[in-house]
Structure formats: structure tokens, C-alpha cells
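Have a look at the structure below, then the notes.
The values are calculated or read from the model by the stated rules, or taken from the named source; none is laboratory data. These numbers were taken from a predicted model, which means no experiment stands behind them. Here the Cβ positions follow ideal geometry from the backbone for every residue, glycine too, while neighbour counts run over all protein chains shown. Please note that ligands, DNA and RNA were not included when accessible areas were found on the heavy atoms of the full protein model with its side chains. Shrake-Rupley method; radii C 1.70, N 1.55, O 1.52, S 1.80 Å.
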Amino acid sequence: MASSNSPCAACKFLRRKCQPECAFAPYFPPDQPQKFANVHRIFGASNVTKLLNDLHPHQREDAVNSLAYEAEMRLRDPVYGCVGVISLLQHQLRQLQMDLYCAKSELSRYQNLSTITTNHTLMASESAAAFHHHHHQNNNTTTTTNTFGRDHHYHFHHHQFFPRDHQHQQVARTFDGGNNYDASLLAMNISASLGQLNQLQHQSAAGGGDDRHTANRS
């Protein structure tokens with residue numbers, strides 16, 4: 001509120017006595033005369049008084065500052081006023097939002113490339129490890145197969161030429177029996193040969209006696 005010696009800028013501009021209950025005094029101090037002059041020129045003092053009386057005391061200061069800004073912009077740009085400034089600020093805001101979106105997209109692209117590169121590296125490492133493991137398994141399988149083949153071939157020939165133990169015993173018994181049989185057969189053949197030899201000798205002796213008897217008779 002202005003003192004009795006120094007009226008507010010509104011009362012001074014209107015050339016009236018500033019009363020203690022003056023509605024303009026708290027918002028238009030004596031050292032800001034241009035502020036009220038602009039508001040009065042664009043909106044009029046009576047309209048501003050009505051507006052302030054319709055608002056709550058805690059809203060009046062913000063309303064006066066808004067009126068002062070709008071009045072100043074209207075005087076600078078009579079066509080657009082504060083709308084031109086608002087449009088310019090909105091355009092700058094959209095541009096900044098677009099720049100921010102492009103920056104985020106670029107950052108996301110680089111992050112995706114980094115992720116893909118990392119994944120490819122991991123996949124290549126896993127593939128190499130899997131290939132090494134598979135190759136090692138194949139080598140072990142081949143070695144086992146070859147060993148099994150050699151063992152199977154050995155056992156096959158072993159069983160082919162050397163049957164199992166009970167077969168060995170049967171064959172041994174058969175072989176022994178065959179030897180005994182062959183010995184018996186050989187003995188029988190020898191006995192038969194000796195018998196035939198004795199018969200031949202007897203026949204020869206008999207034949208000789210007959211010849212001698214015939215010669216004597218002659």
C-alpha cells in the first residue's frame with residue numbers, strides 16, 4: 001500500500017487520491033508507472049478493478065502480473081500479442097521434443113547394435129564351444145567304436161577258433177575218445193594183418209608139402 005505522500009502508480013496515472021483501501025496499491029507500486037499504463041491502455045482501469053474484486057486476495061497478484069504481460073505483448077505485437085509469443089514458444093517446444101525423440105532413437109539404435117554385437121559374440125563363442133565339445137565327443141565315440149570293433153573282431157575269431165570252456169571240455173573229451181578209438185582200431189587192424197599173414201604162411205607151407213608129395217609120386 002502506498003503512503004499518504006506517495007500514491008500508487010494507478011492513482012497517480014488516474015490523477016486521483018490514493019485511498020487506504022485502494023485495490024491497485026498492492027500491485028502497482030509508485031516506481032512502476034509503465035506497468036499500470038500498459039494495463040490501463042489495453043484493458044481499462046474499470047475492467048481491471050472488476051476483475052480484482054471478483055478474485056480471491058491470494059489470486060490477485062498472479063492475475064495482475066498476467067494482465068501486465070499480456071498488455072506489454074499486445075503493445076509490441078498488435079496483431080498476435082502474447083499469442084504470437086505462445087505460438088513461438090510452442091514451436092520451440094515441439095522442436096525440442098523432436099530433437100529429444102531423435103536423440104533417444106539414435107541412442108536406442110546404438111544400444112541395439114551393441115546388444116546385437118554382444119549377442120553375436122556370445123553366440124559365436126557358444127557355437128565354438130559346442131563344436132569343440134561335439135568334435136571331442138565324436139573323437140571319443142570313434143575311438144570307442146574302433147576299440148569295440150577290434151575287441152568284437154578278436155572275440156569273434158577267438159570264439160571261432162577257441163570255443164567256450166565247456167565246449168573246450170567236450171571237444172577235449174571227444175578228442176581223447178577219438179584217440180582211444182583210433183588206437184583200438186589200429187590194434188584191431190594190426191591183429192587182422194597178423195592173422196592174414198599167418199594164414200598166408202600156413203597156406204604157403206601147405207602148398208609146398210603138396211608139391212613135394214607130387215614130385216615123389218612122379
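Using heavy atoms of the protein chains and a probe of 1.4 Å, the accessible area assigned to D54 is about 130 Å².
With both labels modelled 7 Å from their Cα along Cα-to-Cβ, the D54 to I86 distance reads 1.7 nm. What does the charge count near T49 come to, summing +1 for each Lys or Arg and -1 for each Asp or Glu among other residues with Cβ under 15 Å from its Cβ? Once all neighbours under 15 Å are counted, the net charge is +1.
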